[in-house]
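Please read the structure below before turning to the comments.
Only the coordinates and a few stated rules stand behind these numbers; no lab work does. Please read all numbers here as calculations on a predicted model, not as lab measurements. Backbone-built Cβ (ideal geometry, glycine too); neighbour counts: all protein chains shown.
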Amino acid sequence: MSKTISDTRRLIYASACVALGVVLPMAFHAIPNAGSIFLPMHIPVLICGLLCGPFYGLACGILAPLISALTTGMPPMAMLPSMVCELAVYGCVGGLMIRALHPKSCYIRILCSLVIAMLCGRIAGGILNALIFRAGQYSLQMWLTGSFAAGLPGIAIQIVVIPLIVLALRKASLIPASGWSVG
């Protein structure tokens with residue numbers, strides 16, 4: 001019975017993260033280029049992976065940009081495939097790492113899982129852009145600029161805010177301590 005409750009909670013949290021992945025960027029798009037600077041869609045996808053696991057994180061990474069593009073036009077269709085892949089990797093790897101890493105500190109566990117997910121997503125996005133989505137037009141400089149330099153404020157926000165949110169949810173007992181060790 002408790003596994004069913006846990007699965008139901010994960011589904012609810014993942015659904016809330018998908019909804020935040022659509023609504024949060026809308027607030028930022030009122031400011032020119034704020035989406036590519038502050039990376040608001042990344043936050044709920046990364047949180048979903050860390051809280052709900054790799055399957056729900058992957059689903060959130062696919063659904064949030066897809067629903068957002070269909071309902072708000074953001075991200076633009078030209079960027080959508082690359083963004084879906086990058087965000088799906090964020091959610092999936094975040095969920096895998098939070099279960100695979102076991103340092104003594106819960107904060108270090110969250111932070112390491114987060115940073116690994118962020119790096120893997122950016123690497124996957126860069127490889128897919130270079131080989132498929134923008135083959136022949138994509139360079140290492142474009143990847144470094146787009147994945148790191150332009151989004152540096154968003155990366156800093158993610159590294160500071162996401163662990164605090166996840167820790168607060170754990171402290172409030174909204175996610176069980178054993179939740180990361182289960183499927």
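A few points about this structure:
- Free-standing Cys, the chain [no other Cys Cβ under 4.7 Å]: Cys52, Cys85, Cys92, Cys106, Cys112, Cys120
- The protection proxy used here, the mean number of other Cβ atoms lying within 10 Å of each residue, ranks peptides 160-168, 60-68 as follows, highest first: 60-68, 160-168.
- Note on the chain: with a GNM built from Cα contacts shorter than 10 Å, the maximum mean-square fluctuation among Ala78, Ala100, Ala69 falls on Ala78.
- DSSP H segments from the chain that extend 20 Å or more along their own axis, Cα-based, with Kyte-Doolittle mean of -1.0 or above: 2-28, 54-72, 80-100, 106-128, 152-171
- Spin-label pair Met77-Ile12: with each label point 7 Å from Cα along the Cα-Cβ axis, the two points sit 3.8 nm from one another.
- Sites matching trypsin sites (Lys or Arg not before Pro) across the stretch 42-144 that sit in DSSP coil, with at most 13 neighbouring C-beta atoms within 10 Å: Lys104
- Reducing the stretch 115-163 and the stretch 5-44 to their Cα centroids gives an inter-centroid distance of 18 Å.
- Result for the chain in a Gaussian network model with C-alpha springs under 10 Å: among Met74, Met118, Met41, the largest mean-square fluctuation is at Met74.
- Computed over the chain with a Gaussian network model linking Cα atoms closer than 10 Å, the most mobile of Leu58, Leu140, Leu128 is Leu140.
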